[in-house]
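See structure below.
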Amino acid sequence: MHANVLFPINSEAFTYTVPAELRSDIKIGSRVEVPFKRSYRTGIVVALDRNPEAASLKKGAGKLTKSITLKPVTSLLDEDIFLPNNILRLLNWVSQYYMSAAGLALKNAVPSAFFTGKKAGKPRIIYEEEEKKSEQLNLTDDQKNALIKINSDDKGVFLVHGVTGSGKTEIYMRAVKSLPVGKQAIVLVPEIAITAQMIDRFRAGFGTDVVFFHSGLSTGERITEWQRIRNGEVKVVIGVRSAVFAPFSNLGLIIVDEEQEASYKQFEGLRYSARDVALARAKLEKIKVILGSATPSLEAYHAAQNGKFHYIRIDKRIEKRPLPEVEIVDMTTELKDTFSLSAKLVDALRQNVKDHCQSLIMLNRRGYSPYFLCTDCGHTHKCPHCSITLIYHKDTNTLNCHYCGSWLDPEPLCTECGGKEIKYLGAGTQRVEEELNRLIPELSFKRMDRDTTQKKLSHHRIVRQMEDRKIDLLLGTQMVAKGHDFPDVTISAVISADTALNLPDFRSAERAFQLFTQLAGRAGRGDLPGRTYIQTYEPDHYVFDFVRNHDYTGFYEKEIGQRKELSYPPFSKLIRIIFGFRTKEKAKRITADISARVRRIKHKNIQILGPVPAPVEKIRNLWRWHLILKGRNAKALRRTAREIVHKLELMRDVKVDIDVDPINLL
């Protein structure tokens, strides 16, 4: 007997013989220990051949021959099947669709501790000691109609397009409660910060049948919770991206909250989209999916308009509360109290403190200042490993790269001209924090960005402080704009809105509209009306007209026309092939050869753009070029991409990455 064993590495399966004493117990999905190079490694059996003499098994992409001496499986590590067959089928789909090694799919789906021998641990309690009781809320007519539609079918995709504050979470919970006995559900959220409130709501409704699963758990916790999921001991899994691979064997529903969010996409290694994997898993297992959003992706809304998804529209907030009034603050003419804050916004924040209301401010840039500039010669510090300006962090007094994580100590004199006039230009969340402390000393607030949420449970603690009214204001990056429900927030604000508008990407306007609309939706969710301030130096940009009026349909109609004219998604599919080189000279020389090889490929109805330098030309010491494949037929597109990669297999000094359905082209 032969067994194909898959490891969580960038490779396909390897073939081993199965000793006689293991043949009656070994199964597809078993976890085994096998010899690998000069040591031993743990892997998953993904195929068995009980008659290897009749048919050759594959090792990677090539067939076995009689001259190969196969090593035997050393031991079987579990009595029962470790990985269910439905997950193995999903991993196979993922590796094929995203043109990646099956081992990378396994690496994303199963905690690494199961392959390294780590022990399980007791989950740390992150909930209230006294469980909150579920409040029996009265559903609105819109919510009732949505649930009738969702519960009318046991499969298919339902796009719930509800304005912020319309009660989508309650629809999710009722949909889970309506599942047949024994059926399980996965709830995906885009940010760990959002899960604090989501899990509290679900724990109130389902008690300990809910598991919180994400990469922030300790190794032992991940092992314990994953085993509980696989053993069917829980009903609901709530988590970020990797939770889509939760090893349920009797799944009935997947919910993707804020389906439009870019954070569902993984940008390194296996470049998968958790939302799209959720859609694929639902199709494989013949179950239903709920996609929820106040600002759906253009692709999802287009699919709903064309009948591919069931469409559910909710136009009113709970108790018919008004949507916040949005004011676009023109920073070219507005009086400013500081570099970042207009006098109008500062006055509104002061009044809000007096009124005992809460506020929320978003600046999608962490650190203190994005430019450490010599005003004598104009020199700015760039990362030595990336073509990115270093961000000054005042708390550590370092210049940090937000791409590769490297840092430098700032020099008192300019390293180019020796000048002394070093200025901090631009603002990050640290600088705004400093300005707020100086301007409104009575204001109690917290900053929530990647720098302040590195410790375990930090997201949860900050959200809890906001819920318990221990702070007046929450300042942060885009993580504060998504999914939170703070009834006492009456002011929300965007600082430096222009940073989201002018990225060199065809989705930049869509992202900006979604982000500003979501941020506005955090205000006025309680008894008092809300108001949103968006500070910009480009007030005439068309995005603001639609944000001001909460007009998703108008924005969609304008944007979809441009997409159709340029043949961008949803009117085509994209594959991005990224090349990495050690030097800029090698990049120019080798891409000339790549370009010549690509031109010889026949690609009917496939448009090939490039190769050209990527907008972010250097990351982690690799000079980056890319080419974009565009076409309507996804299979033909992948076939062309495979042909291109195949022609480059023997090329030296080039690293090739494939991004199927890229969500940004930077």
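The values are calculated or read from the model by the stated rules, or taken from the named source; none is laboratory data. Just so it is clear, the structure is predicted and the values come from calculations on it, not from any experiment. Glycine gets a Cβ as well: all are built from the backbone with ideal geometry, and neighbour counts include every protein chain shown.
For the range 139-155, does any single residue satisfy the condition of being without any contact (Cβ under 8 Å) to a residue 24 or more places away in the chain, among the polar types (S, T, N, Q) and either assigned to a helix (DSSP H, G or I) or not assigned by TED's automatic domain parsing to the domain that holds residue 520 (or both)? Yes; the residues of the range 139-155 include at least one that is without any contact (Cβ under 8 Å) to a residue 24 or more places away in the chain, among the polar types (S, T, N, Q) and either assigned to a helix (DSSP H, G or I) or not assigned by TED's automatic domain parsing to the domain that holds residue 520 (or both). Here is the figure for the range 478-495: residues that are over 19 Å from residue 161 (Cα atoms) and either crowded, with 23+ Cβ neighbours inside 10 Å or under 20 Å from the mean Cα position of the chain (by Cα) (or both) total 10. Regarding residue 392, is this residue more than 30 Å from residue 616 (Cβ to Cβ) and either aromatic (Phe, Trp, Tyr) or assigned to a strand (DSSP E or B) (or both)? Against the criterion (more than 30 Å from residue 616 (Cβ to Cβ) and either aromatic (Phe, Trp, Tyr) or assigned to a strand (DSSP E or B) (or both)), residue 392 does not qualify.
Among the numbered conditions (1) buried (at least 16 other Cβ atoms within 10 Å of the Cβ); (2) within 27 Å of the chain's Cα centre (by Cα); (3) within 28 Å of residue 218 (Cα to Cα); (4) at pLDDT 90 or above, the only one that residue 126 does not meet is (4). Report, by residue number, each residue of the range 151-185 that is among the polar types (S, T, N, Q) and within 30 Å of residue 324 (Cβ to Cβ). If the condition is that a residue be among the polar types (S, T, N, Q) and within 30 Å of residue 324 (Cβ to Cβ), then 164, 166, 169 are the ones that fit. Would you be able to say whether some residue in the range 325-343 is under 30 Å from residue 139 (Cβ atoms) and either surrounded by 20 or more Cβ atoms within 10 Å (Cβ to Cβ) or within 31 Å of the chain's Cα centre (by Cα) (or both)? Yes.
Within the range 5-45, the residues that satisfy the criterion of being surrounded by fewer than 22 Cβ atoms within 10 Å (Cβ to Cβ) and part of a strand (DSSP E or B) are 14, 15, 17, 31, 33, 34, 35, 36, 39, 40, 41, 42. Taking the criterion of being among the hydrophobic types (A, V, I, L, M, F, W, C) and more than 17 Å from residue 293 (Cβ to Cβ), the residues of the range 194-208 that qualify are 196, 199, 202, 204, 206.
Counting the residues of the range 583-614 that are free of Cβ contacts under 8 Å to residues at least 40 places away in the same chain, surrounded by fewer than 20 Cβ atoms within 10 Å (Cβ to Cβ) and in a helix (DSSP H, G or I) gives 8. Considering only residues in the range 198-233 that are free of Cβ contacts under 8 Å to residues at least 60 places away in the same chain and within 17 Å of residue 457 (Cα to Cα), the one that is surrounded by the most Cβ atoms within 10 Å (Cβ to Cβ) turns out to be 213. Quick one: would you say residue 219 is farther than 18 Å from residue 254 by Cβ, in contact with a Leu (Cβ under 9 Å, 6 or more places away or on another chain) and among the polar types (S, T, N, Q)? In short, no. Yes or no: residue 453 surrounded by 15 or more Cβ atoms within 10 Å (Cβ to Cβ), in contact with a Lys or Arg (Cβ under 8 Å, 6 or more places away or on another chain) and under 30 Å from residue 196 (Cα atoms)? When the stated conditions are applied, residue 453 does not pass them. Suppose the filter is over 23 Å from the mean Cα position of the chain (by Cα), crowded, with 19+ Cβ neighbours inside 10 Å and under 23 Å from residue 564 (Cβ atoms); does residue 580 pass it? No, not satisfied. Here residue 566 fulfils each of the conditions (1) without any contact (Cβ under 8 Å) to a residue 40 or more places away in the chain; (2) exposed (fewer than 13 other Cβ atoms within 10 Å of the Cβ); (3) not assigned by TED's automatic domain parsing to the domain that holds residue 515 apart from (1).
Just wondering, is there one or more residues in the range 291-302 that are of a type in the set (Val, Ile, Thr), surrounded by 19 or more Cβ atoms within 10 Å (Cβ to Cβ) and either free of Cβ contacts under 8 Å to residues at least 40 places away in the same chain or not assigned by TED's automatic domain parsing to the domain that holds residue 214 (or both)?
No, because not a single residue in the range 291-302 is of a type in the set (Val, Ile, Thr), surrounded by 19 or more Cβ atoms within 10 Å (Cβ to Cβ) and either free of Cβ contacts under 8 Å to residues at least 40 places away in the same chain or not assigned by TED's automatic domain parsing to the domain that holds residue 214 (or both).
For residues that are within 17 Å of residue 451 (Cα to Cα) and in contact with a Ser or Thr (Cβ under 6 Å, 6 or more places away or on another chain), scanning just the range 381-427, find the one that is surrounded by the fewest Cβ atoms within 10 Å (Cβ to Cβ). Of everything passing the filter in the range 381-427, 407 is surrounded by the fewest Cβ atoms within 10 Å (Cβ to Cβ). For the range 434-450, give me each residue that is of a type outside the set (A, V, I, L, M) and in contact with a strand residue (DSSP E or B) (Cβ under 7 Å, 6 or more places away or on another chain). Scanning the range 434-450 gives 445, 446, 447, 449. Of all residue pairs spaced 6 or more apart or on separate chains, those with beta-carbon atoms under 6 Å, a first member in the range 26-46 that is touching a residue at least 60 places away in the same chain (Cβ under 8 Å) and a second member that is surrounded by fewer than 19 Cβ atoms within 10 Å (Cβ to Cβ) and not hydrophobic (A, V, I, L, M, F, W, C) are 31/78; 42/33. For the range 472-496, taking the residues that are modelled with pLDDT of 95 or more and in a loop (DSSP other than H, G, I, E, B), the one that is nearest to residue 319 (Cα to Cα) is identified as 488.
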